[in-house]
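What follows is a single structure, written as structure tokens, with notes after it.
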């Protein structure tokens, strides 16, 4: 995908760098740490690749892709405060370096700046899509907060959470390409669906990786979710398939009274015994396949190939 | 002002209550604590009163006034996290009751919901005004964070900060009334100026009150700013007018090594000696007078009287 959108991405990066500036130097300093530091620009690349799929020839999507990345970055800054994280993409998080107050406020700066970019573009439809997505994300994050450490969370409830907190922005990033390319509602919905299913697949793989990867490949420590008491799909499956003793273990683990390396080893062993990781990946693959199938009616070519590849790449991270 | 806008405010409150709902029950619970709990609805009332001043007969301003209140509430939620506050308007703050994570995320929910309300209204001009104001607020808050505990902050720098963090939303709340009433740019600018000057006066009085009021009238403890090392105008004036020993005292106080009740008493005595409180109030009165004067060309009547009264009330809180 990177090759397909390289020229466009160059423009998007210019907008990002230009519009994260401020006379208050802490703002570009902190924002730059996250934006420059290893961000994969996945969401803006989706906007660009979808615009390419629709043969869009204009330049409006550069500003809007930057707006999407600003929303994502604001979310990350607030997430790290909410989770008390110390490491992201293998680097110290902004809240560790500059403190929680700065992370909260620079997040607000980027979030409001993203709306300024959309207003400059002038499409009420885009504004509707991205303000809705932002609201759904925040609602999903609060929902996750409520579910935190509750091992009884159902798979359906968990899918609701990640549909909101992760997949909504993937969907919106793709959908706005249909708006700028002035395509009909069916195309909007198809790209929304592609993004949403890719987003769910992406998050499920992230959840699986947390139990199998190491800090080097993942940019966060193995077992971070485990130690934070985050009830993700692998845990939900292992809990459902375990016996009473195992369920007690998971309950204690998620409530925070079993967070040692031995406990993590025990958790990993239980996940393996119940095929909870493999099945989480299989679920992810199903969503990934749905994302690919929705592209079926679109014309073949390099853009479609890149969007299919994006799904395959998201899944392949688990191997 | 309350009498003038009572009927409209009733509609605004309905929108607020209706649109802060969510299936995630923590959201209305937490938002309701702040929104229902003693909020004066000052900013939405300004929108309503300015619309009345312009003889606006429609209902668009109800939704937009609710959007303004949501932005304000989101800012308060994030402020309390940033300041680590425990008390606001005499009640425990949301971050104390539900924790910082919930306050950050519900703030994000209300902020994005405010943009959804604006999109429903459909005016790009209003969206531009309020996204700009939101961005300026966030920038001002980061700016204040940078200035925190720095007693060398100049009066000009301080005015920049409060123009951004407080006055920008007052200005925007008034300005959007001119947009919905479809009045020309001169009217927009006049109402913007009224709101901005009122906002600065309001903040300067708040700063003065912190050194003279008690928790009962103010809803926060006396000397909160002092103990938090917040460099406000009274401190800036006393520092400038003090001798070397006094400047050392202020430096130590703002850096946090002099926060006892005796230190606060010493601070209050220095402020009194240098007329720093009285002169802060005098500065506030000047801005208040500018706000009143800008209303001059508007037709006399109950709306204008209410807007003048709002300025006088803001100032009178210091007595």
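The values are calculated or read from the model by the stated rules, or taken from the named source; none is laboratory data. What you see is a predicted model; the values in this text were computed from it and never measured. For neighbour counting, all protein chains shown are included, and Cβ atoms are generated from backbone atoms with ideal geometry for every residue, glycine included.
Give the residue, chosen from A:208, A:172, A:168, that is farther than 30 Å from residue A:58 by Cα and touching a helix residue (DSSP H, G or I) at 6+ places or on another chain (Cβ under 6 Å).
From the options A:208, A:172, A:168, the qualifying one is A:208.
Are any of the residues in the range B:59-72 assigned to a loop (DSSP other than H, G, I, E, B) and surrounded by fewer than 23 Cβ atoms within 10 Å (Cβ to Cβ)? Give the steps one after another, and end with the answer.
The initial filter retains those residues of the range B:59-72 that are assigned to a loop (DSSP other than H, G, I, E, B), namely B:59.
Still in the list and also surrounded by fewer than 23 Cβ atoms within 10 Å (Cβ to Cβ): B:59.
Yes, the range B:59-72 has at least one match.
Residues that are within 13 Å of chain B (Cβ to nearest Cβ) and surrounded by fewer than 23 Cβ atoms within 10 Å (Cβ to Cβ) within the range A:90-102 comprise A:98, A:99, A:100, A:101, listed in sequence order. Across the range A:137-146, the number of residues qualifying as facing chain B (nearest Cβ under 8 Å), surrounded by fewer than 24 Cβ atoms within 10 Å (Cβ to Cβ) and touching a residue at least 24 places away in the same chain (Cβ under 8 Å) comes to 1.
When B:70, B:111 are screened for being more than 9 Å from every other protein chain (Cβ to nearest Cβ) and either without any contact (Cβ under 8 Å) to a residue 60 or more places away in the chain or over 30 Å from residue B:25 (Cα atoms) (or both), only B:70 passes. Taking the criterion of being surrounded by 15 or more Cβ atoms within 10 Å (Cβ to Cβ) and in contact (Cβ under 8 Å) with a residue 24 or more places away in the chain, the residues of the range B:241-258 that qualify are B:241, B:242, B:246, B:247, B:250, B:251, B:253, B:254. Checking each residue of the range B:18-29 against the condition of being more than 11 Å from chain A (Cβ to nearest Cβ), farther than 30 Å from residue A:99 by Cβ, modelled with pLDDT of 95 or more and part of a helix (DSSP H, G or I) gives at least one match.
When the range A:152-174 is filtered for residues that are farther than 30 Å from residue A:257 by Cβ, more than 12 Å from chain B (Cβ to nearest Cβ) and free of Cβ contacts under 8 Å to residues at least 40 places away in the same chain, the ones remaining, listed by number, are A:163, A:167, A:171.
Among the residues in the range B:51-63, are any at the interface with chain A (Cβ under 9 Å from one of its Cβ atoms) and modelled with pLDDT of 95 or more? If you could, list the steps in order and put the result at the bottom.
Within the range B:51-63, the first condition is being at the interface with chain A (Cβ under 9 Å from one of its Cβ atoms), and the residues that meet it are none.
Within the range B:51-63, not a single residue is at the interface with chain A (Cβ under 9 Å from one of its Cβ atoms) and modelled with pLDDT of 95 or more.
From A:105, A:76, A:124, A:87, which residue is in contact with a helix residue (DSSP H, G or I) (Cβ under 8 Å, 6 or more places away or on another chain), at the interface with another protein chain (Cβ under 10 Å from one of its Cβ atoms) and either under 26 Å from residue A:232 (Cα atoms) or surrounded by 24 or more Cβ atoms within 10 Å (Cβ to Cβ) (or both)?
On the way: A:76 fails: at the interface with another protein chain (Cβ under 10 Å from one of its Cβ atoms); A:124 fails: either under 26 Å from residue A:232 (Cα atoms) or surrounded by 24 or more Cβ atoms within 10 Å (Cβ to Cβ) (or both); A:87 fails: at the interface with another protein chain (Cβ under 10 Å from one of its Cβ atoms).
Selected residue: A:105, the only one of A:105, A:76, A:124, A:87 that is in contact with a helix residue (DSSP H, G or I) (Cβ under 8 Å, 6 or more places away or on another chain), at the interface with another protein chain (Cβ under 10 Å from one of its Cβ atoms) and either under 26 Å from residue A:232 (Cα atoms) or surrounded by 24 or more Cβ atoms within 10 Å (Cβ to Cβ) (or both).
Of the helices (runs of 4 or more DSSP H) lying entirely inside the range B:214-304, the ones with 1 or more residues being farther than 21 Å from residue B:319 by Cα are found at B:224-227, B:233-241, B:244-255, B:261-273, B:276-294. In the set (1) surrounded by fewer than 24 Cβ atoms within 10 Å (Cβ to Cβ); (2) away from chain B (no Cβ under 11 Å); (3) on the phi < 0 side of the Ramachandran plot, the condition left unmet by residue A:149 is number (3).
Would you say residue B:4 is surrounded by fewer than 24 Cβ atoms within 10 Å (Cβ to Cβ) and within 8 Å of chain A (Cβ to nearest Cβ)? Show your work before the answer.
Values: surrounded by fewer than 24 Cβ atoms within 10 Å (Cβ to Cβ): yes; within 8 Å of chain A (Cβ to nearest Cβ): no.
When the stated conditions are applied, residue B:4 does not pass them.
Taking the stated definitions as given, is residue A:134 facing chain B (nearest Cβ under 8 Å), within 15 Å of residue B:127 (Cβ to Cβ) and buried (at least 24 other Cβ atoms within 10 Å of the Cβ)? Here the answer is yes, as residue A:134 does meet what is asked. Among the residues of the range A:98-110, those that are assigned to a helix (DSSP H, G or I) and within 20 Å of residue B:83 (Cβ to Cβ) comprise A:98, A:100, A:101, A:102, A:103, A:104, A:105, A:106, A:107, A:108, A:109.
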